[in-house]
Amino acid sequence: MLKRLVVVMFMLTFLAVQGVQPHAQNNTLLIWADTNRIQVLEGLTEQFTAKFGVDVVLQEKDFGAIRDDMIVANPAGEGPDIAIGAHDWTGQLVANGVIEPLAFLQNDRSLYDPVALEAWSIGADIYALPYATEAIALIRNTDLIPDEPATFEDLLTVAKDLTDKEAGTFGILINAFAPDPFHSFPFISTFGGYIFGKNEDGSLNACDIGLGSEGAIEGATFLRSLIDDGFVPAATGYGDMTGQFNAGKVGAIITGPWAIADARNAGINFAVSKIPTIKGNTPGPFVGSQGFMINSFSNNKELAVTFLQEFLGITSTQVALFNVGDRAPALLSALAEVSDDPTLAAFAASAADGSPMPNIPEMSSVWGAWGDALSLVSSGESDPATAFTDAAARIRDTLGCN
């Protein structure tokens, strides 16, 4: 009894420090969301209250804090009924038992981008109503590279004439060797490299590590060639890449929709397109998805499902969410409505070539080893085959797969 009291007191103290406010179950619907998404949700709460007689409380949360706060708050009865989140949280949240599978989405599969549904799935269950997808693509300064390159080889031909390291100008910059495994994945996947293999039922096999595969090594070798051939400085970070691009000193970069607002504000004339084929192979970036989850400990699950179905899984809401986030809508009817936006269409096309970033908890053991391998390759301390084979072995050891 004393032990249980201590645990409860700890949870309440943590929640108070994190700014989590209790709510009266069944009298209100509590939603956690970040600043941008609250702008859209505010327009829906009065409609819901008018229709169902239930107040909706919106609590603004730092997006990055929501996952960890839910793990503590939900079992204590102090979590939200609905929370916004990213799909790669799914494995950890499901392992902690704090989010509810959404059975109604099984009948609505045809309404949503299948990659978004896959991103939020563990086995046959879907754990969020997706509202957006995102993937990286080629963003080029059209004053420097007016035409979309048909192949990566064509891009490098143009980039060569634009590159003058002494003048600080580059035809292309990527930050894969920052190290940034996320931005390196299209090059790894191009030749058949992967992170986790799949079991017969389609679930991810955490002990089938693909970083040491022939395709992953070939991708890392190609990345290294961009350094050796003088295109990309090894130490290029994300801020270096986007800063130089927004200063008009770079012909093209590879990153996601989150970089668009700054490019617009800098007055850069730009266009977005899929990452060009490399040696005839199509690069497949990681695809991310954002969505709305339901607290498995909520006493308001039926109301929460109704809010998702009638107010969030509709065209007008998902278009509004696109307008504040520049991410492609996951609802296909909303995607069709905004498909005349060429930037959106290009990012969506890039996502269509990609695969969801793994959402299982074991992914947390991958990033460090993968990043270290990239660092070793970029610095020349190790060749790609050794660095990536060792990284895969290190991940298997960490996960107890050997």
Point to revise | 3J(HN,Hα) from dihedral phi, the range 85-95, Karplus parametrisation 6.51/-1.76/1.60, rounded to Hz, x for glycine, proline | key: x, 10, 5, 6, 7, 3, x, 5, 5, 5, 4
Check your understanding: Over what distance in Å are the Cα centres of the range 364-402 and the range 332-352 separated?
Key -> 35 Å
Practice item. State, to one decimal in nm, how far the label point of Thr35 lies from the label point of Val324, with both points 7 Å from Cα in the Cβ direction. Key: 1.2 nm
Check your understanding: Extension gain Ser364-Asn205, at 0.36 nm per residue separation less the Cα-Cα distance, in nm?
Key -> 55.8 nm
Revision key, fill the gap. The helix 367-379 Cα axis meets the longest alpha-carbon principal axis of the chain at an angle in degrees, between 0 and 90 and rounded to 10, of 20 degrees
Check your understanding: What residues qualify as long-range amide H neighbours of Asp208, i.e. H under 5 Å apart, gap of 5 or more or another chain, H built at 1.01 Å from N?
Key -> Gly197
Review point. Packing-wise, with mean Cβ within 10 Å as the measure, how do 233-243, 130-140, 88-98, 72-82 rank, highest first?
Key: 130-140, 72-82, 88-98, 233-243
**Study point:** In Hz, Karplus ³J(HN,Hα) per residue of the range 343-352 (6.51, -1.76, 1.60; θ = phi - 60°; x = Gly, Pro)
**Key:** 5, 4, 4, 5, 5, 5, 5, 5, 4, 5
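What is the calculated FRET efficiency for Asp161 to Asn27, with r their C-beta to C-beta distance and R₀ = 60 Å, to the nearest 0.05?
0.35
I need the calculated FRET efficiency for the pair Glu310 and Thr169, taking r as the beta carbon distance and R₀ as 45 Å, to the nearest 0.05. Kindly include the intermediate steps, with their values, before the conclusion.
Numbers: r = 53 Å, r/R0 = 1.17.
Efficiency for this residue pair is about 0.30.
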Review point. To the nearest 10 degrees, how steep is helix 214-228 against the longest Cα principal axis of the chain, on a 0 to 90 scale?
Key: 60 degrees
Exercise for review: Give, in nm to one decimal, the length gained when the segment between Ala266 and Asp68 is fully stretched (0.36 nm per residue of separation minus the Cα-Cα distance).
Suggested key: 67.7 nm
Practice item. Using only the Cα atoms of the chain, build the gyration tensor, take square roots of its eigenvalues as a ≥ b ≥ c, and label the shape rounded, prolate or oblate: rounded if a/c is under 1.5, else prolate if a/b is larger than b/c, else oblate. Key: prolate
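FYI, it's all coordinate maths here, none of it is from the lab. What you are looking at is a predicted structure, and each value in this text was computed from that prediction instead of being measured. All Cβ positions, glycine included, derive from the backbone under ideal geometry; neighbour counts span all protein chains shown.
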